[in-house]
1. Among the residues of the range 303-335, count how many are under 31 Å from the mean Cα position of the chain (by Cα) and of a type in the set (D, E, K, R).
2. For the range 189-209, state whether one or more residues are part of a loop (DSSP other than H, G, I, E, B), assigned by TED's automatic domain parsing to the domain that holds Leu327 and charged (D, E, K, R).
3. Does at least one position in the range 112-126 carry a residue that is of a type outside the set (Gly, Ala, Ser), more than 16 Å from the ligand (Cβ to nearest atom) and part of a strand (DSSP E or B)?
4. Sort out for me the helices (runs of 4 or more DSSP H) sitting completely within the range 251-338 that have 1 or more residues that are in contact with a strand residue (DSSP E or B) (Cβ under 8 Å, 6 or more places away or on another chain) and over 26 Å from Ala147 (Cβ atoms).
5. If a residue must be in contact (Cβ under 8 Å) with a residue 60 or more places away in the chain, of a type in the set (A, V, I, L, M, F, W, C) and more than 20 Å from Asn296 (Cβ to Cβ), how many such residues does the range 164-222 contain?
6. Picking from Gln206, Gln229, Gln214, Gln250, which residue would you name as being more than 29 Å from Ala116 (Cα to Cα), among the polar types (S, T, N, Q) and within 16 Å of the ligand (Cβ to nearest atom)?
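The values are calculated or read from the model by the stated rules, or taken from the named source; none is laboratory data. Predicted model only: the values in this text are computed from it and were never measured. Positions of Cβ are backbone-derived with ideal geometry, glycine not excepted, and every protein chain shown enters the neighbour counts.
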Amino acid sequence: MRRSVSTRLLWASASAGVLALVFSLTGCSGGQQSTLDAVGPGARRTEGLWWLFFGISMGIFVEVMALLGWALWRRRRSRVRIKDGDAVGFISALGVVVPLLILILVYGVGLRDLNALAAPDDEPTVNVDVVGHRWWWEIHYPDRPQAVTANEIHIPVGESVRIRLTTADVQHSFWVPQLMPKTDLIAGKVNSTWLRADRPGRYRGQCAEYCGQQHAFMALLVIAESRPQFDSWLAGLVPPTDEPLTDAEQRGRAVFARSACATCHTVRGTSATATVGPDLTNVGGRWSLGAGAAPNDPGHLGGWIVNSQTIKPGNAMPPQPVAPGDLPDLIAYLRSLG
Ligand code: CUA
């Protein structure tokens with residue numbers, strides 16, 4: 001009776017091990033925001049470490065499963081016990097020597113990669129200052145005064161970008177899995193990191209340090225494009241912005257200036273210069289509203305203005321009592337920016 005219970009336990013352990021392997025492998029497909037689809041040298045180090053750890057874990061898994069299988073097989077055929085002397089050698093080898101060798105190897109490789117990640121192998125050509133807010137990213141290009149945006153970073157492909165990280169409130173963590181490992185934004189400190197994209201694309205990033213209710217919607221997008229595309233985007237960030245062309249856009253601009261919008265936001269080239277919320281100078285061209293909370297289209301923009309709390313509860317923007325007749329003009333104006 002006792003014997004059959006322990007045999008069943010062995011079988012249960014073996015099955016659980018195989019299931020764990022299947023579940024872990026199903027999470028490994030590459031794609032958006034995947035460390036296993038590295039596009040830059042920083043992320044490739046992380047990917048390499050991941051595969052090293054995975055390989056070691058697989059080795060140990062196979063070894064343990066083989067020993068389990070062996071134990072099951074033996075149990076059925078003989079009742080011969082392992083001698084004490086054999087057990088000591090076996091436990092010393094697999095319980096002390098092998099783990100020690102593995103830890104030394106992993107530690108050495110980790111130190112090597114940490115050192116390699118400290119700085120890029122070429123001089124960065126672009127500087128970006130990132131300020132973390134609950135729950136959005138303020139982006140500055142310090143080499144070009146007034147080049148400010150939010151929740152997206154454009155970079156020239158194939159060039160290293162130096163990133164300075166600070167926070168306006170609590171701890172956040174800057175992470176673009178396909179381009180670089182995580183770096184924390186720590187209150188009262190300036191941290192720095194770097195990234196480089198080897199091919200053009202849009203790479204999603206995410207705050208990776210829990211920072212409150214909307215931590216999940218503290219996303220950002222890194223857009224790697226050709227040098228000329230990047231230069232022209234950067235030039236477009238700096239005023240004077242184009243004058244609104246249509247009547248609706250001009251009416252919308254007046255609504256913006258006289259309503260609560262201008263008490264929290266900046267639109268460069270206008271009288272709105274507040275810095276409570278994100279700079280809206282190029283808001284019409286951005287990939288999302290609310291740092292990934294909603295698509296940037298006219299419908300969602302209207303919903304966001306009237307009551308963003310229904311889209312991203314807890315964010316700093318209160319509901320806005322915009323007159324229904326003014327809302328389409330305001331949307332038209334904001335869509336024309338950027
Ligand atoms: Cu910012 Cu989580």
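1. Qualifying residue count, the range 303-335: 2.
2. If we filter the range 189-209 for residues that are part of a loop (DSSP other than H, G, I, E, B), which is where we start, we get 189-190, 196-200, 208-209.
Checking which are assigned by TED's automatic domain parsing to the domain that holds Leu327 leaves us with none.
No.
3. The initial filter retains those residues of the range 112-126 that are of a type outside the set (Gly, Ala, Ser), namely 112-115, 117, 120-126.
Checking the rest, the ones that are also more than 16 Å from the ligand (Cβ to nearest atom) come to 112-115, 117, 120-126.
Narrowing further to those that are part of a strand (DSSP E or B): 126.
Yes, some residue in the range 112-126 is of a type outside the set (Gly, Ala, Ser), more than 16 Å from the ligand (Cβ to nearest atom) and part of a strand (DSSP E or B).
4. Details: elements: 261-264, 298-307, 327-335.
In the range 251-338, the matching helices (runs of 4 or more DSSP H) lie at 298-307.
5. Residues in the range 164-222 being in contact (Cβ under 8 Å) with a residue 60 or more places away in the chain, of a type in the set (A, V, I, L, M, F, W, C) and more than 20 Å from Asn296 (Cβ to Cβ): 6 in total.
6. On the way: Gln206 fails: more than 29 Å from Ala116 (Cα to Cα); Gln229 fails: within 16 Å of the ligand (Cβ to nearest atom); Gln250 fails: within 16 Å of the ligand (Cβ to nearest atom).
None of the others qualify; the one that does is Gln214.
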